[in-house]
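Below is one structure, written out as structure tokens; the observations come after it.
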Amino acid sequence: MNIKTMFFWMFAILMFSGCATREHMDYTAFKNADPHSILVAMPSSVSNDVNSGPAVLASVSLPLSEAGYYVIPVTLANETFKYNGVSDASEIRNIPREKIKEVFGVDAIMYLTINEYQTHYTLLDSYFQVSVTAELVNVSDGTVLWKETSIMNNKSGSSGNIFADLIAALFKHAINEAAELGYNVSVNNSYMMFTPDNPYIYDPILSGPYSPKYRKDKILNK
């Protein structure tokens, strides 16, 4: 190997290593804003499934509350928006932050984008998958305090018996066609997304002020 080739590979390895390493987000803005209350907006969605928005929206409040935040009841929020002639997710995103703060009195708004909400089919299996990106925005100045994406599905492993797997696949296919399955997977996805110090989320949300773990998140020590 000549010297030029050696330097080429050294440079390539360094570049690859740099791209492969993702730094954790800076939580300074999140800590300084110190949001106590959150409004969860109707999700925008790329899915054609009409159940995707309501299912994901309904799955978020409980895990966020358990994380230590006061969450405006989604029914109250939606009715308020509808009363004022706003029902579409894109319209809600265009409402001035100052107006959101004036009407709801919240510290932050959680915008949700549904990247995927559908059933996948394989030869011996089918599974339902949900992918959501959450973005927490400070209503006072528009600063993005936290942003993360989570993916969840109900995949199952093979038993090793092809006939048993075929029967299980047929049974699971029927279950995956049920509307409530999407909601169940959404609930699991939301708990994974909004559980502080979750090791499966690279940049987990911080514990809220109503949590006993407030300001004790392990991620703050990294």
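The values are calculated or read from the model by the stated rules, or taken from the named source; none is laboratory data. As the structure is a prediction and not an experimental result, all values here were calculated from the model. Positions of Cβ are backbone-derived with ideal geometry, glycine not excepted, and every protein chain shown enters the neighbour counts.
Among the residues of segment 66-86, those that are free of Cβ contacts under 8 Å to residues at least 12 places away in the same chain and in a loop (DSSP other than H, G, I, E, B) comprise N84, G85, V86. Scanning segment 26-65 for residues that are β-branched (V, I, T) and not in a strand (DSSP E or B) turns up T28, V46, V50, V56, V60.
Among the residues of segment 190-215, those identified as modelled with pLDDT of 95 or more and of a type in the set (F, W, Y) are Y191, F194, Y210, Y214. For segment 166-181, the condition of being at pLDDT 75 or above and under 24 Å from D49 (Cβ atoms) holds for at least one residue. The criterion of being under 17 Å from the mean Cα position of the chain (by Cα) and small (G, A, S) holds for A55. Checking each residue in segment 2-31 for being among the polar types (S, T, N, Q) and either touching a strand residue (DSSP E or B) at 6+ places or on another chain (Cβ under 9 Å) or at pLDDT below 50 (or both) picks out T5, S17.
The residues of segment 192-213 that are more than 16 Å from I38 (Cα to Cα) and surrounded by fewer than 22 Cβ atoms within 10 Å (Cβ to Cβ), listed by number, are M192, D197, N198, P199, Y200, I201, Y202, D203, P212, K213.
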